[in-house]
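Step one of this worksheet: look at the structure below.
The values are calculated or read from the model by the stated rules, or taken from the named source; none is laboratory data. The shown structure was predicted, so the numbers you read here are calculated from the model rather than taken from an experiment. Positions of Cβ are generated from backbone atoms using ideal geometry, with glycine treated the same way; all protein chains shown enter the neighbour counts. Note: accessible area is taken over every heavy atom of the protein model, side chains too, but ligands, DNA and RNA are not part of it. Shrake-Rupley method; radii C 1.70, N 1.55, O 1.52, S 1.80 Å.
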Amino acid sequence: MLALRTFLVAAVLLLLGSQVGVVRAQISGDEWTSPTYGFTASWAGTDWRPDANAMLTAVGPEKLDRLHLINGVSSLYVEGATRYKGSLPACVETEAALLAQEGGVSNIRPFEDEEGAPLIADGPNVSSRAFQLTLDAGGEGLELVDYIECRVLVPGESVLIITLVAEPDNFRDQMSLAQPVMDSIMIPGGQRN
């Protein structure tokens, strides 16, 4: 029985160690390459840093790859998935609906600019929305903005999902800081997306 436990512990440690190696292999300097979809994202010259504990590779039937960047103030997620059959409107709407299913999230509403207009952008290869929400943080309501942007990876097959989470007071500043990372995204074939 002790030999079996020792073997199981060694196997688990070996598997965990191999996952750490996979995460490290995806990062080269200040650039991450999605192992499943081949797109790259760079945070070179920014204050963003990868959170290796939140990175994912080909998870679930949708084959979710995730890069999670943090800067001490906000979080930036860059994900590839076979969700939504490549449909951008479905991507943004469903990602927004998923917010309502998050534990402790309430009062989801469109985030508005200084003139009171919702932050919405739609085009042939990109669709985005920003939502303000209340998160129960230990009995205290924390206001956050979730900016969701979906881009086509493979038409009819997969999408790139970018999510910025920041507080409303510094959302615009954090969006400006996230923009170089978002602009750096390169899909296979050398296209900026």
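In contact with a helix residue (DSSP H, G or I) (Cβ under 6 Å, 6 or more places away or on another chain), open to solvent by less than 40 Å² (accessible area, probe 1.4 Å) and not in a loop (DSSP other than H, G, I, E, B) - does that describe any residue in segment 81-94? Checked segment 81-94: at least one residue is in contact with a helix residue (DSSP H, G or I) (Cβ under 6 Å, 6 or more places away or on another chain), open to solvent by less than 40 Å² (accessible area, probe 1.4 Å) and not in a loop (DSSP other than H, G, I, E, B).
The single condition among (1) open to solvent by 70 Å² or more (accessible area, probe 1.4 Å); (2) in contact (Cβ under 8 Å) with a residue 24 or more places away in the chain; (3) closer than 24 Å to Trp32 by Cβ that Val159 does not meet is (1).
Would you confirm, using the coordinates I've provided, whether Asn71 is touching a helix residue (DSSP H, G or I) at 6+ places or on another chain (Cβ under 8 Å), at negative phi, open to solvent by 50 Å² or more (accessible area, probe 1.4 Å) and in contact (Cβ under 8 Å) with a residue 60 or more places away in the chain? Spell out how you get there, then give the answer.
Values: touching a helix residue (DSSP H, G or I) at 6+ places or on another chain (Cβ under 8 Å): yes; at negative phi: yes; open to solvent by 50 Å² or more (accessible area, probe 1.4 Å): no; in contact (Cβ under 8 Å) with a residue 60 or more places away in the chain: yes.
So Asn71 fails the test.
When residues in segment 100-143 are screened for being under 30 Å from Gly156 (Cα atoms), part of a loop (DSSP other than H, G, I, E, B), free of Cβ contacts under 8 Å to residues at least 60 places away in the same chain and open to solvent by 60 Å² or more (accessible area, probe 1.4 Å), 3 of them pass. Would you check if there is a residue in segment 145-155 being touching a Gly at 6+ places or on another chain (Cβ under 8 Å), over 17 Å from Glu102 (Cβ atoms) and of a type outside the set (Val, Ile, Thr)? Yes, because at least one residue in segment 145-155 is touching a Gly at 6+ places or on another chain (Cβ under 8 Å), over 17 Å from Glu102 (Cβ atoms) and of a type outside the set (Val, Ile, Thr). Answer with yes or no whether Tyr147 is crowded, with 20+ Cβ neighbours inside 10 Å and on the phi > 0 side of the Ramachandran plot. It is false that Tyr147 is crowded, with 20+ Cβ neighbours inside 10 Å and on the phi > 0 side of the Ramachandran plot.
Could you check segment 26-67 and list, in sequence order, the residues that are part of a strand (DSSP E or B), of a type outside the set (A, V, I, L, M) and open to solvent by 10 Å² or more (accessible area, probe 1.4 Å)? Answer for segment 26-67, where residues must be part of a strand (DSSP E or B), of a type outside the set (A, V, I, L, M) and open to solvent by 10 Å² or more (accessible area, probe 1.4 Å): Ser28, Glu31, Thr33, Thr40, Ser42, Arg49, Pro50, Thr57, Arg66.
Quick one: which residue in Tyr84, Tyr147, Tyr77 is over 14 Å from the mean Cα position of the chain (by Cα) and among the hydroxyl-bearing types (Ser, Thr, Tyr)? Please lay out each step first, then the result.
Working: Tyr147 fails: over 14 Å from the mean Cα position of the chain (by Cα); Tyr77 fails: over 14 Å from the mean Cα position of the chain (by Cα).
On inspection, the qualifying residue turns out to be Tyr84.
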